[in-house]
């Protein structure tokens, strides 16, 4: 009696890696969309009011615990313009959303205006739901 065996391990691995990258991209898109919404000025910020030099307009800063207020829109623009990159690193898929404003973003995150970790925590369940969907 003869037996032959054909391995589909490589095809299965490629399929799983592609699915993992797609799911990671979906989860990162959820986070980016939430960041774009949260970094707008809706709802209005409740912090200190400032006069904008050279104009008759006022600017309302964010209060501690709120998302950073939108004055010039630099951080929000960087979040919106940044492509999401996914890659396999060993057995882990990494989804990267490089906001392009590392110093400014880190200062806000480490200070009184955590924005990235706050958004990730608020969308954790939704992102996990995407990552936990049936794979086949």
Name the residue that is nearest to residue 24 (Cα to Cα), counting only residues in region 103-118 that are free of Cβ contacts under 8 Å to residues at least 40 places away in the same chain and outside any helix (DSSP H, G or I). 114
Considering only region 5-24, I want to know if a residue exists there that is surrounded by 10 or more Cβ atoms within 10 Å (Cβ to Cβ), closer than 30 Å to residue 72 by Cβ, within 30 Å of the chain's Cα centre (by Cα) and modelled with pLDDT of 85 or more. no
List the residue pairs whose Cβ atoms are under 8 Å apart, where the first residue sits in region 52-63 and is surrounded by fewer than 10 Cβ atoms within 10 Å (Cβ to Cβ), the second is assigned to a strand (DSSP E or B), and the two are 6 or more positions apart or on different chains. 57/51; 58/49; 58/50; 58/51
Conditions (1) surrounded by 11 or more Cβ atoms within 10 Å (Cβ to Cβ); (2) in a loop (DSSP other than H, G, I, E, B); (3) modelled with pLDDT of 80 or more -> residue 100 fails only (3)
Within region 119-134, is even one residue exposed (fewer than 11 other Cβ atoms within 10 Å of the Cβ), outside any helix (DSSP H, G or I), at pLDDT 80 or above and in contact with a strand residue (DSSP E or B) (Cβ under 9 Å, 6 or more places away or on another chain)? no
Could you check, for region 83-92, whether at least one of its residues is assigned to a loop (DSSP other than H, G, I, E, B) and either at pLDDT 80 or above or surrounded by 11 or more Cβ atoms within 10 Å (Cβ to Cβ) (or both)? no
In the set 72, 66, the lone residue that is touching a residue at least 40 places away in the same chain (Cβ under 8 Å) and assigned to a loop (DSSP other than H, G, I, E, B) is 66
Read through the list (1) touching a residue at least 40 places away in the same chain (Cβ under 8 Å); (2) surrounded by 12 or more Cβ atoms within 10 Å (Cβ to Cβ); (3) out of contact with any strand residue (DSSP E or B) (no Cβ under 7 Å at 6 or more places or on another chain), then give the number of the only condition that residue 95 fails. (3)
Hey, does region 29-45 have a residue that's part of a loop (DSSP other than H, G, I, E, B), modelled with pLDDT of 90 or more and over 19 Å from residue 121 (Cα atoms)? no
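The values are calculated or read from the model by the stated rules, or taken from the named source; none is laboratory data. Please read these numbers as outputs of a predicted model, since none were measured by experiment. Heads up, the Cβs are rebuilt from the backbone with ideal geometry, glycines too, and the neighbour counts pull from every protein chain shown.
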